[in-house]
Amino acid sequence: MKTLAAVLVLAAAATAAVAQPIEARLTVTQDDAGPRIEPTVYGHFVEHAGTGVYGGLWVGPESKIPNTRGWRNDVVQALKRVGVPVMRWPGGCFADDYDWRDGIGDPAKRPVRRNRWWGGVESNRVGTHEFMDFAEQLDSEVYISGNMGSMPPRAAAQWLDYMTADDNTALAEERRRNGRDKPWQVKYFGVGNESFGCGGNMRSEFQADMHNQYATFLWPSKRVASGDGEGDDNRVEVLMQRSVKHMDAITLHYYSIPDNWTKHGEAIGFDAGAWARTLKAALGIDQRINTLSAIMDKHDPAKRVAMYIDEWGTWYDTPKGASSLWQQNSLRDALVAAVSFNVFHAHTDRVKMANIAQMVNVLQAMALTDGPRMVLTPTYYAFDLYRPFKGATPLKAALQAPAFSTGDVELPTVHVSAARAADGKLVLALVNLDPNRPARVSTNLTSAVRGQVLTAAAMDAHNTFQQPQAVVPAPFSAKPGPQGLVLELPPKSVVVVAM
Ligand code: AHR
């Protein structure tokens, strides 16, 4: 960990011309602002894409890279430190082209298939037993993403039975012969993925009928309908209208990109415009949740059905020569994560799960690996800072802060979340989105606070194998003065404190 002084010196050096801090006022009231923040809002997504599984997580039991039954010890240890409450697997688009039978039994006899969506081949060396072992190593709940796009409902139902049956049925016996006596828990089962696109290009009405058919056979897991991911309100309307009885949750996929789907934009080496556009896109998830929540409220006023944002994060251009969907991860990504968490905390009535896309080496990753080397990303540290929010109850936090503009993009300077943590402490997260100006946040609070700050001198500061500590948290503390508690946020920073 760097010291706060060192971080501030670096940040100040980079913003030598900084004049006045932004003045903001935060008022936290002790009123609950919603149900608790489910720990599963800090969930993950693992897809067989690029080096997201093979190389990044799985190296095989014979590897010289230290591993436990094939899973890399360095990555597992790092993930355990921040906690992985839930993992979605095996896709993504991959899931609707995946036959679970390819991934069980003698590894030497498993078929090699084409990885239709992400290139190369799928060896099937990592299948159900291996993935479940990984989940147990991480003490994570399991969210299986089932195939509705290209397999019959019986295949999905049998996969679930294979994993969870505790009787003398043929599937349970087959699992035992393959080395696992005790059934696994599969709390969540996804009924297809992005059925509007890679999951089968289905019309909403057709998908709703399909969902109902498949979901009939998938209890007692929570049945998750594949919802929107392309800004289509109507799909959610139709699914809620026709399938609400047959689902426990519906999904939203939300990617933040600086430019567009043809040319996403660079992960590093970007300018202030791209910084602002990316954060603007990330903040847009708030409106998306509002819109979809309103549709859900019409059909499910009791709020029985949850919204799972089971893919979210940044998506930049893949550099030439890199594995599929690989991207660097910078301080900007940490801020995207932080404002996203703050938004999720504001919607706990519906948002019960969110899964960062993806865990390692793919899109907005927690860690990057190269052979035996591993480096933790700024996004990892954002997850680390926000740990006290897991299971906390959101509190009302009114913020008065000016906006700032970069070109035609206007952003709030400061973005906050406040909550009462499970241990009774008040936790505050504050994000200063302005890359140039520090923010001075005066509050109605009167106690001292301690926590961590994540910042760096450059907008695209990132950790590399050579410099793994370029963006790491530093201790942060503040004591109340005559005007109460005032928090000084460095430019482009995330601060999480508790009192
Ligand atoms: O996360 C990468 C891909 O993005 C997923 O496979 C798909 O569901 C989404 O389009």
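Could you look through region 318-335, keep only residues that are hydroxyl-bearing (Ser, Thr, Tyr) and in a loop (DSSP other than H, G, I, E, B), and pick out the one that is farthest from the ligand (Cβ to nearest atom)? That would be 323.
Table: residues versus (1) within 16 Å of the ligand (Cβ to nearest atom); (2) in a loop (DSSP other than H, G, I, E, B); (3) out of contact with any Pro (no Cβ under 6 Å at 6 or more places or on another chain); (4) small (Gly, Ala, Ser).
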{"position": "217", "(1), (2), (3), (4)": "no, yes, no, no"}
{"position": "223", "(1), (2), (3), (4)": "no, no, yes, no"}
{"position": "235", "(1), (2), (3), (4)": "yes, no, yes, no"}
{"position": "242", "(1), (2), (3), (4)": "no, no, yes, no"}
{"position": "251", "(1), (2), (3), (4)": "yes, no, yes, no"}
{"position": "258", "(1), (2), (3), (4)": "no, yes, yes, no"}
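Scanning region 380-432 for residues that are of a type in the set (Ser, Thr, Tyr) and open to solvent by 40 Å² or more (accessible area, probe 1.4 Å) gives a single hit, 405. Within region 156-188, the set of residues being open to solvent by less than 20 Å² (accessible area, probe 1.4 Å) and more than 16 Å from the ligand (Cβ to nearest atom) comprises 156, 157, 159, 160, 162, 163, 165, 172, 175, 184, 186.
Considering (1) touching a Pro at 6+ places or on another chain (Cβ under 6 Å); (2) open to solvent by 10 Å² or more (accessible area, probe 1.4 Å), the lone condition that residue 444 does not fulfil carries the number (1).
Can you spot a residue in region 189-199 that is at pLDDT 95 or above, farther than 19 Å from residue 307 by Cβ and within 14 Å of the ligand (Cβ to nearest atom)? Yes, there is a match, as at least one residue in region 189-199 is at pLDDT 95 or above, farther than 19 Å from residue 307 by Cβ and within 14 Å of the ligand (Cβ to nearest atom). Kindly indicate whether any position in region 79-90 is away from the ligand (no atom under 16 Å from the Cβ), among the aliphatic types (A, V, I, L, M) and touching a Leu at 6+ places or on another chain (Cβ under 7 Å). Checked against the condition, which is being away from the ligand (no atom under 16 Å from the Cβ), among the aliphatic types (A, V, I, L, M) and touching a Leu at 6+ places or on another chain (Cβ under 7 Å), region 79-90 yields at least one hit.
Residues of region 124-149 being open to solvent by 30 Å² or more (accessible area, probe 1.4 Å) and touching an Asp or Glu at 6+ places or on another chain (Cβ under 6 Å), which ones? Within region 124-149, 149 is the sole residue that qualifies. Scan region 102-144 for residues that are over 29 Å from residue 321 (Cα atoms) and within 16 Å of the ligand (Cβ to nearest atom) and jot them down. Result: 143, 144. Going through (1) away from the ligand (no atom under 16 Å from the Cβ); (2) touching a Phe, Trp or Tyr at 6+ places or on another chain (Cβ under 7 Å) one by one, residue 62 falls short only on (2).
Considering only residues that are farther than 20 Å from residue 395 by Cβ, open to solvent by 30 Å² or more (accessible area, probe 1.4 Å) and part of a loop (DSSP other than H, G, I, E, B), which ones fall in region 35-54?
The answer is 50, 51.
The values are calculated or read from the model by the stated rules, or taken from the named source; none is laboratory data. Since we're looking at a predicted model, the values are computed, not measured. Glycine also receives a Cβ, built like all others from the backbone with ideal geometry; neighbour counts cover every protein chain displayed. Ligands, DNA and RNA are stripped out before the accessible areas are found, and what is left, the full protein with its side chains, is counted by its heavy atoms. Shrake-Rupley method; radii C 1.70, N 1.55, O 1.52, S 1.80 Å.
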